[in-house]
Amino acid sequence: MAKARIPKKRQKVIAKEHLKAVFTLAKEKRSDKNLTNKLIKLARKIAMKVRMRLPLNYKRQYCKHCYSYQTPGTNQRVRIQNKKVVLKCQECNKFTRIPITPKRKQTKTKKKGSKNKKPDNRRKSKSSSKRQRKN
């Protein structure tokens, strides 16, 4: 008999749980470089399999060039230059630049009942103005 198919939404939920477990394990075992690098590759495969993006906090934990797990001070150098955070991987000597953006102010939301209509400044045609005079 064929296996029951798991819906895509459920697959993504399962994948998120697996990613969380893989990254926590990599954080615990960060002293073993080979294991953490294998775990990062596994996490990327899981995300690609279900066609989902890795969350930003997970993306920043590994080098995008050599896929090695990054820990600041041991195999990663962090600097701030020209409104950018510059991360240098000590494994492959490549740089990743992350822009520092200011926090956005929240705009006021419009009320549901109010509609902002612009005044109608168009010229009225002659026939419509004659109708108004007769009434």
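Values quoted throughout were computed directly from the atomic coordinates according to the rules given, and no laboratory measurement underlies them. Keep in mind that what you see is a predicted model, and the values were worked out from it rather than measured.
Here are some notes:
- The phi-based Karplus calculation (6.51 cos²θ - 1.76 cosθ + 1.60; θ = phi - 60°) puts the 3J(HN,Hα) values of region 26-38 at 5, 5, 5, 9, 5, 6, 8, 5, 4, 5, 5, 5, 5 Hz, whole numbers, x for Gly and Pro.
- If the segment from GLN81 to VAL13 were pulled out straight at 0.36 nm per residue, it would be longer than the present Cα-Cα gap by 20.7 nm.
- Region 8-99: antiparallel DSSP beta bridges as a percent of all, rounded to 5: 90 percent
- Once the Cα-Cα distance is subtracted from the 0.36 nm per residue extended length, the LYS29 to LYS103 segment shows a gain of 23.2 nm.
- Karplus-derived HN-Hα couplings along region 55-70 (A = 6.51, B = -1.76, C = 1.60, θ = phi - 60°), whole Hz, x at Gly and Pro: x, 4, 5, 7, 4, 7, 8, 9, 6, 7, 9, 10, 6, 9, 5, 9
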